[in-house]
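The block underneath contains the structure these notes are about, expressed in structure tokens.
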């Protein structure tokens, strides 16, 4: 069984490496071939393995909770394994989305405007994604109109 406190601590540090790498890669093109796959695939994959281990190791304590109501979710997250798994879930998905933003936005949106999208995605997931989508729309390349 994976210790939830240890998983939480290691995952929180590991994901910072990915986020810092993404910020560097916005401005240092030479870093992109290494940083982008590590941030988008390698680190989220490691977090996914930790997530699975936490779920499998803690499933005996999940009887009290569920996803049918807020009270059931609260009861589920009273279990440290479920809580740590939930944290790894957030970290993995937010970093994956942040890496997508950095990769998709490179050459499309100025790096200085992409920069706030990354910490917003890290801290407030959907807010950073929404900001990026608005920027992406604002900086879209003129596309020829398609016949309807």
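The values are calculated or read from the model by the stated rules, or taken from the named source; none is laboratory data. These figures come from a predicted structure and were not determined experimentally. Here the Cβ positions follow ideal geometry from the backbone for every residue, glycine too, while neighbour counts run over all protein chains shown.
Filtering region 108-118 to residues that are surrounded by fewer than 20 Cβ atoms within 10 Å (Cβ to Cβ), assigned to a helix (DSSP H, G or I) and touching a helix residue (DSSP H, G or I) at 6+ places or on another chain (Cβ under 7 Å) leaves 111, 113. For residue 16, the conditions (1) touching a residue at least 12 places away in the same chain (Cβ under 8 Å); (2) surrounded by 13 or more Cβ atoms within 10 Å (Cβ to Cβ) all hold with the exception of (1). When region 62-107 is filtered for residues that are in a loop (DSSP other than H, G, I, E, B) and either modelled with pLDDT of 95 or more or closer than 16 Å to residue 24 by Cα (or both), the ones remaining, listed by number, are 106, 107.
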